[in-house]
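Structure, as structure tokens:
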Amino acid sequence: MRRFLTIATFIGAAALVAVPQTVTAAGGPTVAVLDFSTKGLSSDWYGQWEPGVALSDLLTDQIVNLGKFNVLDRKNLDATLNEHHLGASGEVDQTTAITAGRLIGARYLISGNILQLAQTGRSGGGGGSYLPGVFGAVAGSVRTDKTTLKVAVRVVDAKTGQIVQSFTDEISQSATSLSGGGFAGYVGGGYSNQQFLSSSMGHLVNDEAGRIAAKLDPDKFSSAPAGPILTGHVLQAEGTDIILNIGSGKGVQVGMFFDVLRVKQVKDPDSGRMLTINQHVGTIQVTSVSADTSEAKLMSGKALARDTVQSQQ
């Protein structure tokens, strides 16, 4: 079962992460489709399968077919996030977006919630009792079900944690069956296989995935600002616990990564002058923010009081 929507912690050094491969390289924004949450669904009449995973798999295929985006392979996506013990609990928040985007190499994360997956209409199933013999038995078993799928979609900029596009979409379809229900909820293998796509439920989910893909606007993605480079200093460093002298008043947000830089003097052998360079010595991630200060965790390298910090882009 694949779940990785909300990340509680980032474990391990990000520098060691292997970036997932892309499915297609269209020259557009690099995107990753995360599992859609099913937190709001009140029943599981549709069977033992994962609607959020199915929608995400089929949406990835639909986006690839558009040719407007660089799309990350969801199989490699799972492996990378699972390797770092990333939990799942529903929606993508700001911290999740920044951390996940950095881990998997995606600039934009596409996710959302399945708000409704319900049988919203039914007809037939009882008329056969008025017909004689086998005709009545067959007619009595025929039933048409109408099922509605409603989804809320969000596109998050993994550099800033900001939502750059959001919308809802709803689709309804009817299916007729002789076995008492038109929408089967079981599937063997992956959700992109022909067995699922040929089913009534597969048609419904795949059609919705196509509608979502058509609404994604790469122009909105590309126009989203990456955010200014922020600089400050380390006030205190105790083990992996770091305190910075900049906070929300300067634009610092939970989840942001900073490079730790140390000023070093080097003599130029040609001119004899002393040159100043900023040597990268470590990486930190912000865990909490107040107006004038921030707390962070050391992710790799070192950090000492008075070191300079600069936000990563």
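Identify the residue in the stretch 60-80 that is assigned to a helix (DSSP H, G or I) and of a type in the set (Val, Ile, Thr) and, among all such residues, is modelled with the lowest pLDDT. Walk me through how you get there before you give the answer.
Step one: of the stretch 60-80, the residues assigned to a helix (DSSP H, G or I) are 60-66, 74-80.
Imposing the further condition that a residue be of a type in the set (Val, Ile, Thr) reduces the set to 60, 63-64, 80.
On the way: 60: 94, 63: 95, 64: 93, 80: 71.
Only one residue tops the list, namely 80.
Just give me the residues in the stretch 21-59 being over 15 Å from residue 117 (Cα atoms) and modelled with pLDDT under 70, in sequence order.
Answer for the stretch 21-59, where residues must be over 15 Å from residue 117 (Cα atoms) and modelled with pLDDT under 70: 21, 22, 23, 24, 25, 26, 27.
Find the residue count for the stretch 246-267, including only residues that are exposed (fewer than 15 other Cβ atoms within 10 Å of the Cβ) and not small (Gly, Ala, Ser).
Matching residues across the stretch 246-267 total 5.
Among 233, 203, which is under 30 Å from residue 62 (Cβ atoms) and not β-branched (Val, Ile, Thr)? Can you show your working first?
On the way: 233 fails: under 30 Å from residue 62 (Cβ atoms).
Only one candidate passes the filter, namely 203.
Any residue at all in the stretch 95-111 that is at pLDDT 50 or above, assigned to a loop (DSSP other than H, G, I, E, B) and farther than 30 Å from residue 213 by Cβ?
Step one: of the stretch 95-111, the residues at pLDDT 50 or above are 95-111.
Subset that is assigned to a loop (DSSP other than H, G, I, E, B): 105-107.
Pick out the ones that are also farther than 30 Å from residue 213 by Cβ and you get none.
Scanning the stretch 95-111 turns up no residue that is at pLDDT 50 or above, assigned to a loop (DSSP other than H, G, I, E, B) and farther than 30 Å from residue 213 by Cβ.
Could you check the stretch 268-313 and list, in sequence order, the residues that are among the β-branched types (Val, Ile, Thr) and surrounded by 12 or more Cβ atoms within 10 Å (Cβ to Cβ)?
Across the stretch 268-313, the qualifying residues are 281, 283, 284, 286, 287, 289, 293, 308, 309.
Cβ-Cβ distance below 8 Å, separation of 6 or more or different chains: which pairs start in the stretch 151-166 with a residue that is assigned by TED's automatic domain parsing to the domain that holds residue 217 and surrounded by fewer than 20 Cβ atoms within 10 Å (Cβ to Cβ) and end on one that is β-branched (Val, Ile, Thr) and assigned to a loop (DSSP other than H, G, I, E, B)?
Taking only residues 6 or more apart or on different chains, the pairs are 154/92.
Does the stretch 256-279 include one or more residues that are part of a strand (DSSP E or B), of a type outside the set (A, V, I, L, M, F, W, C), under 26 Å from residue 101 (Cβ atoms) and more than 26 Å from the chain's Cα centre (by Cα)?
Yes.
Go through the stretch 295-311 and give me each residue that's touching a residue at least 60 places away in the same chain (Cβ under 8 Å) and either assigned to a strand (DSSP E or B) or of a type outside the set (Gly, Ala, Ser) (or both).
Taking the stretch 295-311 first, the residues touching a residue at least 60 places away in the same chain (Cβ under 8 Å) are 298-300, 303-311.
Matches in the stretch 295-311: 298, 299, 300, 304, 306, 307, 308, 309, 310, 311.
The values are calculated or read from the model by the stated rules, or taken from the named source; none is laboratory data. It should be emphasised that the depicted structure is a prediction, and the values quoted were computed from it without experimental measurement. Cβ coordinates were reconstructed from backbone atoms using ideal geometry, including for glycine residues, and neighbour counts include every protein chain displayed.
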